[in-house]
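One structure is given below, encoded as structure tokens.
All of the numbers you see were taken from the coordinates with simple rules; none came from a lab. Since the structure is predicted, the reported quantities are computational estimates derived from the model, not experimental observations. Note: ideal-geometry Cβ built from the backbone for every residue, glycine included; neighbour counts use all protein chains shown.
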Amino acid sequence: MSVFEDSGKKRTEAADFDHMVEEAMAADAIPATREDAGQPLRMARFAPSPLLFTDYGDKVRDFKEIWELLASGCNAFFIDTEDEEDALMAAESIRRNPPSAYAPVFSSAPHGRRFEALVDGVSVRIDEALGKSEPLLRALREVNKEAVAKNSDFRLLAWFYMRQGVELKPLAAPKTDDIYGYPVAECLAAVGVDHKQWLDGLRVRGQLAQKRLVDRVRVCPKCSSPHLNFIDVCPNCRSIDISKKELIHCFTCGRVGVADLFVRDNSMTCPFCRAALRHIGSDYDHPLESFVCEDCAESFTESQVLTVCHDCGARNAPDELDVRTYFTYALTEKGQVSTRIGEIENAYALFDRLGVMSYAYFEQMLDWNIGMLRRYKNDPPFTLIALRFVNIDEIGDVVGNARTAQMIDALTVRLKNIIRTTDMVMRPSMDTLCFFLPHTDGEQSRIVTGRMEALRDDVVLKDAPKLRLSINTRTLPESPKEVCGEGSAKMLLLGMTANI
């Protein structure tokens, strides 16, 4: 779980409101999941200090307590306080509360970068907030309310959908373990879910897209901490006790030493061979070396740069560090459709990025190639491979949809590198792929299947069962009798997929 801005503590504090919110909802007969579509704009104004009431009729209700605010059933919010802690608590509570997670939120004053990332606008008057809330709520009418009420994925997609063109930006928090976080996603994420993995899972599933690269952060390869110290060390003994000093090179003996050793009685004499050094260029010169190690006395031109992890103490060269990239996120067209219809295609659909063709076309193509083998005996062989991912559902039950989608995305990338552009792919069932490899004999097919079998070791998820594969291969022609007769392609496909 993310520790961005001490979110665990704040999430616990926000959870303390739950029983009060439920009691207030019961008392006011307000349903926990309301139908915003068709409802008029109703704004809740949070002002814990003495209120200055403004008459906006039924559009605005005033509240002093956050739990009352959350139970109000309002579909827009206005935070009107000068207290930064109260304001941030209110904004986070609104975003963590499922019925209001995607609602318009405005503030009369700015309260820091995290607060501003959670709201839709600061330093606005309440009448301006009312006007800016209207188009957001109109967009909400197009969202599938049932899906939004039940699923945090759709609540985040609804947040994007209501704010067309808005990108979710990473916010720097240098004092935390993550350095960067996404406050809106952090608040909307289910308890125990890493919000950055959640965002990436939605990206893998085609709902979100990474837009603008904001930063690259290098982290320790041992413990993943970004808190690193870059130090200059001696390239010989790796001591940090090095100093920059002027060096002198004696032409008589060829020795090099620190300039202080060559000065004696206001004249320069080599301490090694006692030669008098009068003229630079003929008796001595200053070499490029400008550093001296106080521990091993090594002299060198450039020091070696190492990183020291403040958390685990590991030392690494800069090029050995792991790199994390932070992008802005935006809603894709596929994500817009999913938000409207309330359905996200399953993770298996990621295999379609292999260029999957329809079953009917694949069968027709296979029939044609079998016919060519019957007619022209010397045509080159081809190979059919049926590959089934046996336990993806089991893995999904353990690690969740987001990480399962990431695994399938990784499998797809590796399969793309295994097959050729001339190979054809078909998906007869959710967890099975069929490959047609033209001009591929038995020996060549064994190389391909060997690489496919290696996927179970190449793609491994922590704390999840190991991926299990089942592979069936046929290379034709093996026996001419087996490729004769009508409908042989259909029988061949049925036989191969039934045996895995």
The summed charge of the D80 Cβ neighbourhood (under 12 Å; Lys/Arg +1, Asp/Glu -1) stands at -1
Just the Kirkwood number for segment 314-373, please: inverse of mean 1/r across all distinct Cα pairs, in Å, one decimal. 17.0 Å
For a Förster distance of 30 Å, can you work out the FRET efficiency between the beta-carbons of A109 and K175, rounded to the nearest 0.05? 0.80
Between segment 262-282 and segment 74-96, how far is it from one alpha carbon centroid to the other, in angstrom? 76 Å
Grab the Cα-Cα distance for D241 and N229, subtract it from 0.36 nm times how many residues apart they are, and report the gain in nm with one decimal. 2.8 nm
I471 label point, 7 Å along Cα→Cβ, cut-off 19 Å on backbone N: hits in segment 398-415? 408-415
Row for segment 85-221, column shape: gyration tensor on C-alpha, a ≥ b ≥ c, rounded if a/c < 1.5 i.e. under 1.5, prolate if a/b over b/c, else oblate; value oblate
Expressed as a whole number of Å, what is the distance separating the alpha-carbon centroids of segment 99-155 and segment 195-223? 24 Å
In vacuo Debye sum over C-alpha of segment 218-338, base-10 log of normalised intensity I(q)/I(0) at q = 0.22 Å⁻¹, listed in q order, is -1.14
About the Cα centre of the chain, what is the dipole size in debye to 20, counting +1 per Lys and Arg Cβ and -1 per Asp and Glu Cβ, all else neutral? 1780 debye
Starting from the amide H of M268, placed 1.01 Å from N in the peptide plane, find each other amide H under 5 Å away whose residue is 5 or more places distant or on another chain. L277
Multiplying the sequence separation of R278 and N266 by 0.36 nm and subtracting their Cα-Cα distance, what value in nm do you get? 3.2 nm
Given charges at Cβ of Lys, Arg, Asp, Glu: the chain dipole, positive-most of I179, M43, I418: I418
Pull out the extension gain between T252 and A454, defined as 0.36 nm times the separation in residues minus the alpha carbon to alpha carbon distance; nm, one decimal. 66.3 nm
If I take R0 = 25 Å and measure r between the Cβ atoms of M372 and K416 in this structure, what FRET efficiency does the formula 1/(1 + (r/R0)^6) give, to the nearest 0.05? 0.35
Please quote Rg/Rh for the chain to two decimal places, taking the Kirkwood radius as Rh and restricting both calculations to Cα atoms. 1.17
Between segment 319-338 and segment 231-253, how far is it from one alpha carbon centroid to the other, in angstrom? 46 Å
Where both partners of a DSSP beta bridge lie in the chain, what percent of those bridges are antiparallel, to the nearest 5? 80 percent
Checked segment 347-498 against the a/c 1.5 cut and the a/b vs b/c comparison, axes a ≥ b ≥ c from its Cα gyration tensor; verdict prolate
